[in-house]
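Rule-based calculations on the coordinates, nothing more; no lab input. Predicted model only: the values in this text are computed from it and were never measured. Cβ: placed from backbone, ideal geometry, glycine included. Neighbour counts: every protein chain shown.
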């Protein structure tokens, strides 16, 4: 091989490496960006344990973790709230940029006076939201939350409901949902990714 051929091969290799690196970096960047879930979310306003009426829009500039449930739920809700607590603790100081919200689906029993100590048991940062049945149904519909009252003979009533945690960005957009199958580590990594944006 003569010098010109070697030189040309070296230049082509450098150019190829440059473009391959840029392409790879772009793929990594795309993979590290959470999509906006356009089909979920929207603003709502409900009476809050923190006082007055609180709207989701008031938390613009902070990341929000949102869940719907009820305080007399025997298993699902305490498990989800405990997971949210572990997530906040895992974030350390960064948790100050995250607002956990819990909307009751049982406003008849879950008054603000009931919600406040219940949520305080899990983490002091929690804000509980209640309201009329119509207000809560409207808020739940924005996030496609399923819930239905189950009347139990001689034992009052409960609810069948979805258990998703909604991750909302600083602009009020849903960026992820966490199911029961999502691990704590996956949740923590996803929230950290959003906080880094």
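The order of 147, 157, 166, going from fewest to most other C-beta atoms within 10 Å of their C-beta, is 157, 147, 166.
As a calculated quantity, the FRET efficiency between residue 157 and residue 58 at R0 = 41 Å, using C-beta atoms, amounts to about 0.80.
Just report the Cα centroid separation between region 30-70 and region 112-184, whole Å. Each part's Cα centre sits 12 Å from the other's.
Counting beta carbons within 10 Å around each of 163, 151 and listing the fewest first gives the order 151, 163. Max-minus-min Cα coordinates of region 78-197 on each principal axis give 48, 27, 26 Å, with the largest extent listed first. For a paramagnetic label modelled on residue 149 (point 7 Å from Cα along Cα→Cβ), amide N atoms under 20 Å away belong, within region 116-140, to 129-140. Contact order for region 45-195, expressed relative to its length and based on alpha carbon pairs under 8 Å spaced 6+ residues apart, stands at 31 percent.
Can you tell me how much longer the chain between residue 37 and residue 142 gets when fully stretched, taken as 0.36 nm per residue apart minus their C-alpha distance, in nm with one decimal?
Values: separation 105, 0.36 × 105 = 37.80 nm, distance 1.20 nm.
Once the chain is fully extended between residue 37 and residue 142, it gains 36.6 nm.
Under 8 Å for C-alpha pairs, at least 6 residues apart: give me the relative contact order for region 66-119, rounded to a whole percent. Computed value for region 66-119: 54 percent relative contact order. Once the Cα-Cα distance is subtracted from the 0.36 nm per residue extended length, the residue 96 to residue 181 segment shows a gain of 28.0 nm.
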